[in-house]
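The values are calculated or read from the model by the stated rules, or taken from the named source; none is laboratory data. Quick caveat: nothing in here was measured; it's all calculated off a predicted structure. All Cβ positions, glycine included, derive from the backbone under ideal geometry; neighbour counts span all protein chains shown.
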Amino acid sequence: MVVSLFCRIIIMLALLSSILLILPGVEDIYSVRRIIQLSITAFLVFSLLFNRTFFGCYGREVLLIVLLAVLALLSSVLYASSEFYLADVFLMPFWLLGVLALASWMRQVHLDRLIRFTLISLVILEFLYACLALFLYQSLLRTGEANLAESLPWGYHNIRFWGHTATWLLPLMPLALKLKLPVLPNFWRPVVYLSAGVMVWLVLLSMARGTMLALVVATFVVGLLAGRALLGWLTAMVRFVAFGGVLWLLLSWLIPLLVFGDEMAHKAVHFTSSGRIPLWLEAWQMSLQNFPLGMGGQSWITHEVITTEYAASPRFGHPHNMYLQWAAEYGWSYLVVLGGFWLLALGRLRLYTRLRTARHGDAADSEVRTALLISFMGACFHAFFSAVFWAPASMLLGMIISALLLASFSQREGAGVTGVSQSLWLQRTGAVLVTLVMLFWLAAVGEYFQGMRADRDASGYGDVLKPRFWLHGDFP
């Protein structure tokens, strides 16, 4: 009961802060979300002091996380020129540790009920977001605002960050259609359709090409693994896309045409790189400088420009490719270990055979696993084009969905409670050491935050910001 309540609080806090964080008068929502993400991560790491099964279940994964942190730290100590690199170095290792910690708690409860709670909370929040987005839409039409793509979606500093949210959440919406609610049962399906349809409309309106391409590729790959078990999910998703397409034609074309005449409130459909290629070439060259270690934490924003293409292009806080960013700053060895972590965490779950359990009468479980896997893989593919594992809203959603994915595959194997192999004393010692390192890291993050704010105020950057760890992301 206590563990279930603990998981639900974490899930609700992450969903609420990433989807519907409304703070009147607060401009830097990005940093607020980061602080919430760090708080949840710290709480999950601290909870390991009371988790007797964690190291028995995920001992090997923890060793890879430690190796990941060591590689990033070594690269930064040797080559980084920033004094605040510690904030970046431990961000991904502690996020991964938080995912494992949450998954280990989820394995100790009724996971079906937890997934149901997650889906209901998600749909309610997305429905409220959809209603507020439609209200803002009609307000913009009244004021004569034609460039709707720059004003919607709202609540995110950058429209790309909203695209990350759509990549994580859209694959889960078909699961919500199958829920049977005793309260207002006739209204549930329309609510789900409106929530998903508005999400698709905003993807099309903002031309979130990363979201579109990532979900298509993820669906294709998971379809090869799941076979016919994917059909139910795919049918519902096609209906959502069709409904969202109708909303797009109506709200982004027909109504603006009637209101504004020839001025259309949509972005042109194109699939160019949007200036990313010079960034990728620069990151590639950076990754080769100190092979296989990289140039150190925050080197992307502190290094001397290498390529002529990047010298002539606009600057960003990251190269719009998570894998090249990690390779540039921490080296290709870092990527190898990170890939090994996910291969270990997911590969031992026998994805191919377990996704096809629908053929043996376990269709509900198979569809849940399929949707979670498409969500996760979609985010991984989206990371080739954007900072999916860097933006705080995306990392909050990713922590919840990744933990549910691990728990949904492993709980049926009965490994959740029987994984204790080390002594209780050894596990407590490991948890204490991890907690102490985390406190040291959070102190460094606090110093970085103060330095960032001081530099932002002194520089007078205003709206010209490059989000990275914080909103003023090109500091130092």
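Couple of notes before you dig in:
- Scan segment 366-395 for residues that are closer than 20 Å to ALA407 by Cα and either of a type outside the set (A, V, I, L, M) or not in a helix (DSSP H, G or I) (or both) and the total you get is 9.
- Residue check, THR167 modelled with pLDDT of 95 or more, crowded, with 24+ Cβ neighbours inside 10 Å and either in contact with a Gly (Cβ under 7 Å, 6 or more places away or on another chain) or closer than 18 Å to THR118 by Cβ (or both): yes
- Extreme residue, modelled with the highest pLDDT, among residues of segment 251-307 that are among the hydroxyl-bearing types (Ser, Thr, Tyr) and in a loop (DSSP other than H, G, I, E, B): THR307
- Reported count of residues in segment 218-240, each being at pLDDT 95 or above, among the aliphatic types (A, V, I, L, M) and surrounded by fewer than 19 Cβ atoms within 10 Å (Cβ to Cβ), is 1.
- Residue pairs meeting the criteria (Cβ under 6 Å; at least 6 apart or on separate chains; first within 19 Å of TRP300 (Cα to Cα), in segment 450-476; second at pLDDT 75 or above and of a type in the set (S, T, N, Q)): TRP470/SER31; LEU471/SER31; PRO476/SER82
- Check on LEU49, surrounded by fewer than 17 Cβ atoms within 10 Å (Cβ to Cβ) and more than 21 Å from the chain's Cα centre (by Cα): yes
- Any chance TRP441 is in a helix (DSSP H, G or I) and either more than 14 Å from SER104 (Cβ to Cβ) or modelled with pLDDT of 90 or more (or both): yes
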